[in-house]
Amino acid sequence: MTSPANSARFSAQKRRVALHSMLAAAALTLLKLATGLLSGSLGVLSDAAHSGLDLVGASLTFFSVRVSDQGRPTKTTPMATARLKTSPPSAKSS
């Protein structure tokens, strides 16, 4: 089993990698968007939109890593599962 120090180091490393991925996706999106606007190329603009979706995925990964690190292992839950508390949407039909 890993020590608490190693676990904290591993958690910090996961967050750092996810953050760098998000920053790289944001930089690529902005560069492609600027290039597409300056050149007027629809191909580059569509690639910027695709990179924007990659940014959304990287952001979801970053926040998922943060939520997963909130749980701590116990004897009954050795994988330290944490749940994100959400409220269900209220659907009113008229």
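Bear in mind these aren't lab numbers, they're just calculated from the coordinates by the rules spelled out. Nothing here was measured: the structure is a model prediction, and the numbers come from that model. Here Cβ is always computed from backbone atoms with ideal geometry, including for glycine, and neighbour counts include all displayed protein chains.
Restrict the check to the range 34-44 and report whether at least one residue is surrounded by 14 or more Cβ atoms within 10 Å (Cβ to Cβ), of a type outside the set (Val, Ile, Thr) and within 23 Å of the chain's Cα centre (by Cα).
No, there is no match, as no residue in the range 34-44 is surrounded by 14 or more Cβ atoms within 10 Å (Cβ to Cβ), of a type outside the set (Val, Ile, Thr) and within 23 Å of the chain's Cα centre (by Cα).
Give me a count of the residues in the range 1-50 that are more than 20 Å from Val65 (Cβ to Cβ) and outside any helix (DSSP H, G or I).
Of the residues in the range 1-50, 4 are more than 20 Å from Val65 (Cβ to Cβ) and outside any helix (DSSP H, G or I).
Quickly run through the range 51-71 and pick out the residues that are in a helix (DSSP H, G or I) and within 21 Å of Phe10 (Cα to Cα). Spell out how you get there, then give the answer.
The initial filter retains those residues of the range 51-71 that are in a helix (DSSP H, G or I), namely 51-68.
Within the range 51-71, Ala58, Ser59, Leu60, Thr61, Phe62, Phe63, Ser64, Val65, Arg66, Val67, Ser68 meet the criteria.
Of the numbered conditions (1) buried (at least 16 other Cβ atoms within 10 Å of the Cβ); (2) hydroxyl-bearing (Ser, Thr, Tyr); (3) closer than 30 Å to Asn6 by Cβ, Thr29 satisfies every one except a single condition; which is it?
The single condition Thr29 does not satisfy is (3).
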